[in-house]
Amino acid sequence: MKTMFFRNLTRGFVIAGAVMALVNCDSSTAANDNQNTTDPTAVTPTDNPANPGDPTNPVNNPVIDSATGLPVDPALNPTDPAQQGTDSIVDPNNDPWADPCVASSLPNACGDEPVHGMIDTILTSVSSSSEGIADPVPLSSSSASEIPASSAAEVSSSSEAPAVSKIFLANDKEEEKNYMEVEYKTNTGWDGEGILAYPKRLTDNPDQKHAVVVWGPGGGTKPSAYEGMIRRLASHGFVVVALKESPGNATQAIKALDWLDGLNKDSNSPLFGKLDMNTVGCSGHSMGGLESEQALIKDRRVLTAFLNNSGDWDGVGAMKVAADRTIAILYGEGGMERGNAENDYNNANVKAPACLIQMTGGMGTECYDVAPGRRECGYGHGSGSWDGMAATVAWMRWHLGGEEWRKADFVGTSGKYINGNIAGHDGKWKGQCKNF
């Protein structure tokens, strides 16, 4: 699967060379992840001077690769043959803290379908003309024609009485599927380099509006890499704006919300009067998760945040979230973000309703040490935004769309994201919540 693919890129280049020599095609190289094993989302010193006196913080005291002169990822085990050579591969933008996301020759690595092996991926790249943007997720069979949509809250599994919601969502509720057709606009946003996506059929009910989701990409990763997630959210009825970049301090997310607010007030905009700018959720991958968490802390328009493979370096982010807001942190069993995610959630001063969700049981051949005596395999740093995207959609439908029946999927002792199977993939969810 693609989450384990990130740590095997170097060996794949050797295979790629052989395959491409046979077919006489070129292929660009892939970017790998050069982050600290306990802090994949660490920001630069100018963004967040985390523990300036702490020598274990890679921002302050990085290990330098003698061949490249760049910081290396201490998560890589130099004695593990499966990892040798990967510490010299850096992001195309020369950002040593960038998140792993593959380059244009591997179109499916950041898309919605799992990567089942290096050879299959490379052969796909040889025959593909894709430029690194994931293929749009096909609409479900029920959406061949325009899918009607309605209020978010209907009869729940517990036979609750129907309730009318002010938020417009697709009638269909399976978070693992796409429903409504989507308007997908690139090179837009407040800075002209983001993505805007929304249902082609916007609400025509004056008593209902669309909730907003801001998506933050990982460091060094273009928003187009998350097309599957962006389309999925929009197909469920949300208006989604994906940021050009995520500095991790909420500046970009807040500017994006101000830009959307302008469209909501512009009579020449298709979104005129369609948005509820006080029903906003933020989500993102890695650095995008930090951007989301900070937006939740700093902007009262934001009601909830869902962090994918992320978490505050000092473990003090979630404790700053107001008690009337909600936050969820998802991480992979083998993700470098694991320590960040757990420390952020486990801080005793967290007062907001919060959930910590782990993806477990991922199948893969690459394993690595995350701590002395602790070796991990399976879901890694890219797991949440691709294999686990359904969790983000379900969370937003619950906290923005008012589908209170989804609480049982996250909170309690048994439920879909507590101990259920990861639909369409190997493994299980392992979740816990507090303050609900």
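In this structure, residue 198 does not satisfy being assigned to a helix (DSSP H, G or I) and either among the aromatic types (Phe, Trp, Tyr) or farther than 19 Å from residue 279 by Cα (or both).
Sub-6 Å Cβ pairs linking a first residue in the stretch 266-292 that is within 25 Å of residue 312 (Cβ to Cβ) to a second residue that is among the acidic types (Asp, Glu) and open to solvent by less than 10 Å² (accessible area, probe 1.4 Å), at least 6 apart or interchain, are 284/291; 286/99, ordered by first then second residue.
Look through the stretch 172-195, keep the residues that are over 30 Å from residue 421 (Cβ atoms) and assigned to a loop (DSSP other than H, G, I, E, B), and return whichever of them is least open to solvent (accessible area, probe 1.4 Å). Step by step, filter the stretch 172-195, then rank; the result is 189. Within the stretch 269-282, none of the residues are under 13 Å from the mean Cα position of the chain (by Cα) and among the β-branched types (Val, Ile, Thr).
The residues of the stretch 313-332 that are touching a strand residue (DSSP E or B) at 6+ places or on another chain (Cβ under 9 Å) and either touching a residue at least 60 places away in the same chain (Cβ under 8 Å) or open to solvent by 40 Å² or more (accessible area, probe 1.4 Å) (or both), listed by number, are 313, 324, 326, 328, 330, 332.
Taking the criterion of being farther than 19 Å from residue 182 by Cα and in contact with an Asp or Glu (Cβ under 7 Å, 6 or more places away or on another chain), the residues of the stretch 218-251 that qualify are 218, 219, 220, 221, 244, 246, 247, 248, 249, 250. Here is the figure for the stretch 382-436: residues that are buried (at least 23 other Cβ atoms within 10 Å of the Cβ), of a type in the set (S, T, N, Q), in a loop (DSSP other than H, G, I, E, B) and modelled with pLDDT of 95 or more total 1.
For first residues located in the stretch 185-209 and closer than 18 Å to residue 232 by Cβ and of a type in the set (D, E, K, R), partners that are at pLDDT 95 or above and outside any loop (DSSP other than H, G, I, E, B) and lie 6+ apart or on another chain with Cβ distances below 6 Å form the pairs 185/196; 200/183. Scoring residue 337 on the criteria (1) crowded, with 17+ Cβ neighbours inside 10 Å; (2) without any contact (Cβ under 8 Å) to a residue 40 or more places away in the chain leaves a single failure, condition (2).
What's the number of the condition residue 165 fails, among (1) crowded, with 18+ Cβ neighbours inside 10 Å; (2) in contact with a Phe, Trp or Tyr (Cβ under 9 Å, 6 or more places away or on another chain); (3) at pLDDT below 95? Of (1) crowded, with 18+ Cβ neighbours inside 10 Å; (2) in contact with a Phe, Trp or Tyr (Cβ under 9 Å, 6 or more places away or on another chain); (3) at pLDDT below 95, only one is false for residue 165: (2). For the stretch 368-381, the criterion of being of a type outside the set (Ser, Thr, Tyr) and modelled with pLDDT of 95 or more is met by no residue. For the stretch 201-218, a tally of residues being open to solvent by less than 10 Å² (accessible area, probe 1.4 Å) and either in contact with a Leu (Cβ under 6 Å, 6 or more places away or on another chain) or part of a strand (DSSP E or B) (or both) returns 7.
Condition first: touching a residue at least 24 places away in the same chain (Cβ under 8 Å), surrounded by fewer than 18 Cβ atoms within 10 Å (Cβ to Cβ) and under 18 Å from residue 261 (Cα atoms). Can you find one or more residues in the stretch 219-238 that meet it? Looking through the stretch 219-238, none of the residues is touching a residue at least 24 places away in the same chain (Cβ under 8 Å), surrounded by fewer than 18 Cβ atoms within 10 Å (Cβ to Cβ) and under 18 Å from residue 261 (Cα atoms).
The values are calculated or read from the model by the stated rules, or taken from the named source; none is laboratory data. The model shown is predicted, which means the values in this text are computed figures rather than measured ones. In this analysis, Cβ positions are derived from the backbone assuming ideal geometry, glycine residues included, and neighbour counts consider all displayed protein chains. Surface accessibility is based on the protein's heavy atoms, side chains included, excluding ligands, DNA and RNA. Shrake-Rupley method; radii C 1.70, N 1.55, O 1.52, S 1.80 Å.
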